[in-house]
Amino acid sequence: MLAIYKRIAASNEGAEYRSASKSKDVAPVSSKINLPKGLKFSTNNGSGARCFVYSIVMGLTGLSQANVERVVSEIARNAQVGGGWIASDSDTACAIIDEVERIFGISIQVIELQNSVSGPIISGRSHNALGSARRPIVIRNTGAHYDAII
């Protein structure tokens, strides 16, 4: 799972932007991300802010959307997730990560990839301040939606 992250992070092509709007302006999503062998997208049809929650839970568990409905609803309710876009470095993203860590008992780091006009970039990362050993969860930003990469 880390292969694509390591490849992008090791290259000088990567970038990280602290807001979704900035990343979309500077490096607009242009085409699909080609995944290394063995990785695949775990897609969901969550709308608004829910796709971010689905992607994290599906990336962590490897389960399908149908199998994570209950826990995603619990996380969204407890993190007070409304509608709209969630930037991976926002307060809402932190609240979601807090809930995921509480429910699953594991520290995580969310790594957001998007394919820009200059190639794949790391457009955002989010994690909570506590814990040095974090399990990476890689998600794809399509410009209007998130999916997990597993």
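The values are calculated or read from the model by the stated rules, or taken from the named source; none is laboratory data. The structure presented is a predicted model; accordingly, all values stated were derived computationally and were not measured. All Cβ positions, even for glycine, are placed from backbone atoms using ideal geometry, and neighbour counts span all protein chains on display.
Out of 87, 148, 76, I need the residue that is surrounded by 20 or more Cβ atoms within 10 Å (Cβ to Cβ), touching a residue at least 12 places away in the same chain (Cβ under 8 Å) and assigned to a strand (DSSP E or B). Which one?
The conditions single out 148.
Against the definition (closer than 19 Å to residue 135 by Cα, modelled with pLDDT under 90, in a helix (DSSP H, G or I) and in contact with a strand residue (DSSP E or B) (Cβ under 8 Å, 6 or more places away or on another chain)), how does residue 3 come out, yes or no?
Spelling it out, it is not the case that residue 3 is closer than 19 Å to residue 135 by Cα, modelled with pLDDT under 90, in a helix (DSSP H, G or I) and in contact with a strand residue (DSSP E or B) (Cβ under 8 Å, 6 or more places away or on another chain).
Residue under question is residue 121, and the condition is that it be free of Cβ contacts under 8 Å to residues at least 60 places away in the same chain and hydrophobic (A, V, I, L, M, F, W, C); does it hold?
For residue 121, the condition - free of Cβ contacts under 8 Å to residues at least 60 places away in the same chain and hydrophobic (A, V, I, L, M, F, W, C) - is not met.
Hey, does segment 108-116 have a residue that's assigned to a strand (DSSP E or B) and either among the charged types (D, E, K, R) or modelled with pLDDT under 75 (or both)?
Yes, segment 108-116 has at least one match.
When the residues of segment 33-73 are filtered to those that are basic (Lys, Arg) and in a helix (DSSP H, G or I), which remaining residue is surrounded by the most Cβ atoms within 10 Å (Cβ to Cβ)?
The extreme case among them is 50.
Just the residues that are within 14 Å of the chain's Cα centre (by Cα) and farther than 16 Å from residue 93 by Cα, please, taken from segment 43-61.
Within segment 43-61, 43, 44, 61 qualify.
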